Amino acid sequence: MYNNSIASFADIVPYYNDMNAINDLGGTAVNIYGLNHEFHYNYVYNARRGFSASGQYCIYSNNHVNYFLGDAFRAVQNHTIFTYNKATNRMNVDNNADHPDSIQMFTNSNALSLFNVTITNNIFIADVDKERPFPDYMQGITGFDVYLERIIVANNIIVTATAHGVSLYAATRSFVIGNTMIDPSGDANIGVNLYNKAKYPPARDNVIINNFGEIKGGFSNLTVALDIGNIAVRALPADLNKYFMNWTAGDYRPRNGSIITAKGTGISTFPMLPTPKFPSSYDPVLEYMRYDVTGQARALPFDIGAVANQYASIPPGPAV
C-alpha cells in the first residue's frame, strides 16, 4: 500500500492452510510503504508475519495478529505509532528460522537509525491457545540491529517465556514506562534490557520508570539516565498472584497491599533533566505515565506496571 490509505475492520488470512500444514506459510500479510497510512481493527491470522511498517507517519491501532510464525509487527521506518494492538499464539515449524518478536524494530533501507517510534497500550501473549500446533515462545518489544532514538515503550503487557520483555540495543533518549512483563514458565528472567552494540553509537540517556518484570534489567548507569520505581520479582508463576488480581485469567491489576500497588513514581517527583539530553518539552512523554493500558487515567500514587488497580472494569485479558 502506498500513501494516504486507511484500512480497517478486515480479516486478513494470507494462506488458507490446514493448521497442521502451517509450515507452508510464507511472507508478510500486510506490507506498508509510503506515507500517512492508518490501520485499525484488522485481524490477521495464519500468517508468517503480520504487519511490516515500512512507511513513515503511520498509525497501527486495535489490530490483532493471531497464530503467526515470525514477527507480529515490524517497525522499519521513522514516525510510527503502534497502540492497542494484540499479538497472540506464536508458532514455530521451521526451527526458529524466522524472527519471533511481538514488535521488532530495524531498518530495511540504507539508514542506520530508527527515530520516533511509539509503542503503547499493546497486549502481547505468546501462549493463549495451548492446543494449537507447533506452540513456541515469542520475544517482546525489541530493537537489536539498528540505532534507536526517541523510542517510547509504555503501558504494554508482555507475557512470554523469554528474557526479552523490552530490549532496545543502542538506544538513546528513549523511554520505557509502566510495562508489565511476565514469564509464565518462571525460568526466563524477563525484563528491560538496554545494551551498547559495537557498530552503533553508545546507548545513552534513556529513562526507565514504573515497570514490572522478573529482572530489573540488563542496563547500567552509562545507558540509563533515570531508573525510578521499577520492580523486579523472581517468582514462580503460581506465586505471581501475590502481586496481581489474577494474571492467568487476564487480570493484571495490582493486588491491594502488594509491593506494586501505589508504589510507582509520580509525575510530581519526576526530575527534569537538562534539555541538551532530552527534548525541551516533556509533556508528550509524561502523558504516558498518567494512563494505564486500558486508556483510563491513573490515580495517584501510581501503580507499577501497565494496569491501574482502581478499576473494576473487564480485565484486559486474554487469559493464559
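In the stretch 77-86 there is no residue that is without any contact (Cβ under 8 Å) to a residue 24 or more places away in the chain, in contact with a Ser or Thr (Cβ under 7 Å, 6 or more places away or on another chain) and open to solvent by less than 40 Å² (accessible area, probe 1.4 Å). Taking the listed residues 48, 90, the one that is farther than 22 Å from residue 295 by Cβ, in contact with a Gly (Cβ under 8 Å, 6 or more places away or on another chain) and not β-branched (Val, Ile, Thr) is 48, with no other qualifying. Applying the set (1) outside any loop (DSSP other than H, G, I, E, B); (2) in contact with a Lys or Arg (Cβ under 7 Å, 6 or more places away or on another chain); (3) modelled with pLDDT of 80 or more to residue 193 leaves exactly one unmet item: (2). The listed residues are 73, 124, and the only one of them that is aromatic (Phe, Trp, Tyr), more than 24 Å from residue 200 (Cα to Cα) and crowded, with 24+ Cβ neighbours inside 10 Å turns out to be 124.
Kindly check whether there is at least one residue in the stretch 45-55 that is more than 24 Å from residue 157 (Cα to Cα), at pLDDT below 90 and crowded, with 18+ Cβ neighbours inside 10 Å. Within the stretch 45-55, one or more residues are more than 24 Å from residue 157 (Cα to Cα), at pLDDT below 90 and crowded, with 18+ Cβ neighbours inside 10 Å.
Quick grid of which residues meet (1) in a strand (DSSP E or B); (2) small (Gly, Ala, Ser):
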position	(1), (2)
128	no, no
131	no, no
142	yes, no
150	yes, no
162	no, no
166	yes, no
176	yes, no
181	yes, no
185	no, yes
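Residues in the stretch 141-162 that are over 23 Å from residue 199 (Cα atoms) and of a type in the set (A, V, I, L, M, F, W, C): 153, 154, 157, 158, 159, 161. Tell me, yes or no, whether the stretch 117-131 has at least one residue that is touching a residue at least 40 places away in the same chain (Cβ under 8 Å), closer than 29 Å to residue 237 by Cβ and basic (Lys, Arg). Among the residues of the stretch 117-131, not one is touching a residue at least 40 places away in the same chain (Cβ under 8 Å), closer than 29 Å to residue 237 by Cβ and basic (Lys, Arg), which makes the answer no. Among what's in the stretch 95-119 and is at pLDDT 95 or above and among the β-branched types (Val, Ile, Thr), pick the residue that is surrounded by the fewest Cβ atoms within 10 Å (Cβ to Cβ). It comes out as 119. Within the stretch 172-192, the set of residues being open to solvent by less than 10 Å² (accessible area, probe 1.4 Å) and among the polar types (S, T, N, Q) comprises 172, 174, 179, 180. Look at the stretch 289-303: where a residue is over 14 Å from residue 157 (Cβ atoms) and open to solvent by less than 10 Å² (accessible area, probe 1.4 Å) and a partner is modelled with pLDDT of 90 or more and small (Gly, Ala, Ser), sitting 6+ places away or on another chain with Cβ atoms under 7 Å, you get 289/178.
Looking only at the stretch 6-44, filter to residues that are surrounded by fewer than 15 Cβ atoms within 10 Å (Cβ to Cβ) and among the small types (Gly, Ala, Ser); which one of those is modelled with the lowest pLDDT? Only one residue fits best here, namely 21. For the stretch 264-277, a residue qualifies if it is surrounded by 13 or more Cβ atoms within 10 Å (Cβ to Cβ) and either at pLDDT 90 or above or of a type in the set (A, V, I, L, M) (or both), and the qualifying residues are 267, 273.
Which ones in the stretch 104-159 are of a type in the set (S, T, N, Q) and at negative phi? Across the stretch 104-159, the qualifying residues are 104, 107, 108, 109, 110, 113, 118, 120, 122, 139, 142, 156. Quick check: anything in the stretch 214-231 polar (S, T, N, Q), open to solvent by 20 Å² or more (accessible area, probe 1.4 Å) and either part of a helix (DSSP H, G or I) or at pLDDT 70 or above (or both)? Yes, because at least one residue in the stretch 214-231 is polar (S, T, N, Q), open to solvent by 20 Å² or more (accessible area, probe 1.4 Å) and either part of a helix (DSSP H, G or I) or at pLDDT 70 or above (or both).
Candidates are the residues of the stretch 136-152 that are under 19 Å from residue 45 (Cα atoms) and modelled with pLDDT of 90 or more; the one that is farthest from the chain's Cα centre (by Cα) is 138.
The values are calculated or read from the model by the stated rules, or taken from the named source; none is laboratory data. Fair warning: this is a prediction, and the values are worked out from it, not measured in the lab. Every residue, glycine as well, gets a Cβ built from its backbone with ideal geometry; the counts of neighbours run over all protein chains shown. These accessible areas exclude ligands, DNA and RNA; they are computed on the full protein's heavy atoms, side chains included. Shrake-Rupley method; radii C 1.70, N 1.55, O 1.52, S 1.80 Å.
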